[in-house]
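The values are calculated or read from the model by the stated rules, or taken from the named source; none is laboratory data. The shown structure was predicted, so the numbers you read here are calculated from the model rather than taken from an experiment. Glycine gets a Cβ as well: all are built from the backbone with ideal geometry, and neighbour counts include every protein chain shown.
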Amino acid sequence: MFERGNKAMSELSITTSMEMIEQRSAMRCEGIIKAFQGVLAVNGAAFEVPANQITALIGPNGAGKTTLVNILSGSMPCDSGRVFIGDTEVTNWPSYRIARRGLMRTFQLSRELGGLTVLENLLVAAPSQAGESLLNVLFRPGLVTRQERDFAERALEVLETYGLYALRDNRASELSGGQKKLLEIARAVMASPMILLLDEPMAGVNPALIERIGGYILDLKKGGMTVLMIEHNLNVVEQICDHVIVLAEGHTLATGRLSELRTNADVVRAYLGEVIDAGTDR
């Protein structure tokens, strides 16, 4: 059973749009196609991500999950199809524009800024920094100073929540693999997104940390955030996800709760005859 993460999470201010939360879906894609040298990695994928819920994107290896998340987050253009955040079409927008629209993502292999401290990794993720404007630096230094102080306070709160406060002055490159996973999630939270895409957040971490991360993700949902996560650990999917999307051969095979999909013959067939059981991590 996953428990909530650090109690301080309930005290964190996660800036979300209530308008987004009230919408039927936070994000949707229609007929997404992406080919590499003629080989279709994504072949007509279409689904909706319900707002203020945790949705899992699952499927056998090679199903196109990471390619699809790359397209949704703006890391890669699609060949055809449409992507929406709320009612706004963001098809093939660059990643920085999609981030400004309220979507952040993490990666299967952590991409920390190794030369910066743990605290600095969070500070660079803070949104709408007044200090990025030369005019503000020259003519509104008080605003810049106040905002930097506020961001530092918030960053320390986030680090406390994710158990990284004691490591705040360490170089990010010095962290363990599990700590880097936590740092990447904390950095995404620091940006106050409305939608968070997680690419295999439980991969390569020990069972105790899996439970902690699961609790943190539940807390994000309680704070009003929408989460879409690629995940192979079906026990995690069963316990924390409200909705599941099954991808196979680049297209959407089925959607629903895992308890329903486990008896779906097409889903079982897509997993090459493996039993879709919450106890497996395949």
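State all residues of the stretch 189-222 that are closer than 12 Å to Gly178 by Cβ and within 13 Å of the chain's Cα centre (by Cα); if no residue qualifies, say none. Pro201, Met202, Ile213 - these are the residues of the stretch 189-222 that are closer than 12 Å to Gly178 by Cβ and within 13 Å of the chain's Cα centre (by Cα).
Of all residues in the stretch 220-236, exactly one satisfies the criterion of being crowded, with 22+ Cβ neighbours inside 10 Å and of a type in the set (D, E, K, R), namely Glu231. When each of Glu211, Glu249, Glu200 is tested for being surrounded by fewer than 22 Cβ atoms within 10 Å (Cβ to Cβ) and under 15 Å from Thr106 (Cβ atoms), the lone residue that passes is Glu200.
Return the total of residues in the stretch 27-72 being in contact with a helix residue (DSSP H, G or I) (Cβ under 6 Å, 6 or more places away or on another chain) and either without any contact (Cβ under 8 Å) to a residue 40 or more places away in the chain or closer than 26 Å to Tyr216 by Cβ (or both). Number of matching residues: 6.
Inside the stretch 84-93, residues that are touching a helix residue (DSSP H, G or I) at 6+ places or on another chain (Cβ under 6 Å) and either under 27 Å from Met202 (Cα atoms) or of a type in the set (A, V, I, L, M) (or both) make up a count of 1. Evaluate the stretch 158-172: report whether one residue or more is assigned to a loop (DSSP other than H, G, I, E, B) and surrounded by fewer than 16 Cβ atoms within 10 Å (Cβ to Cβ). So far as the stretch 158-172 goes, yes, one or more of its residues are assigned to a loop (DSSP other than H, G, I, E, B) and surrounded by fewer than 16 Cβ atoms within 10 Å (Cβ to Cβ).
Of the residues that make up the stretch 11-23, is at least one touching a strand residue (DSSP E or B) at 6+ places or on another chain (Cβ under 7 Å), at pLDDT below 95 and either crowded, with 16+ Cβ neighbours inside 10 Å or on the phi > 0 side of the Ramachandran plot (or both)? Scanning the stretch 11-23 turns up at least one residue that is touching a strand residue (DSSP E or B) at 6+ places or on another chain (Cβ under 7 Å), at pLDDT below 95 and either crowded, with 16+ Cβ neighbours inside 10 Å or on the phi > 0 side of the Ramachandran plot (or both).
Contact map, the stretch 111-127: first residue in contact (Cβ under 8 Å) with a residue 60 or more places away in the chain, second residue among the acidic types (Asp, Glu) and outside any helix (DSSP H, G or I), Cβ cut-off under 9 Å, separation 6 or more or different chains; pairs are Val118/Glu112; Val118/Asp169; Asn121/Glu112. Among (1) in contact with a strand residue (DSSP E or B) (Cβ under 6 Å, 6 or more places away or on another chain); (2) modelled with pLDDT of 85 or more, there is one condition Leu119 misses while meeting the rest; what is its number? Result: Leu119 fails condition (1) only.
If you check Arg187, Arg168 for being within 11 Å of Asn121 (Cα to Cα), touching a residue at least 60 places away in the same chain (Cβ under 8 Å), touching a helix residue (DSSP H, G or I) at 6+ places or on another chain (Cβ under 6 Å) and not aromatic (Phe, Trp, Tyr), only one passes: Arg187.
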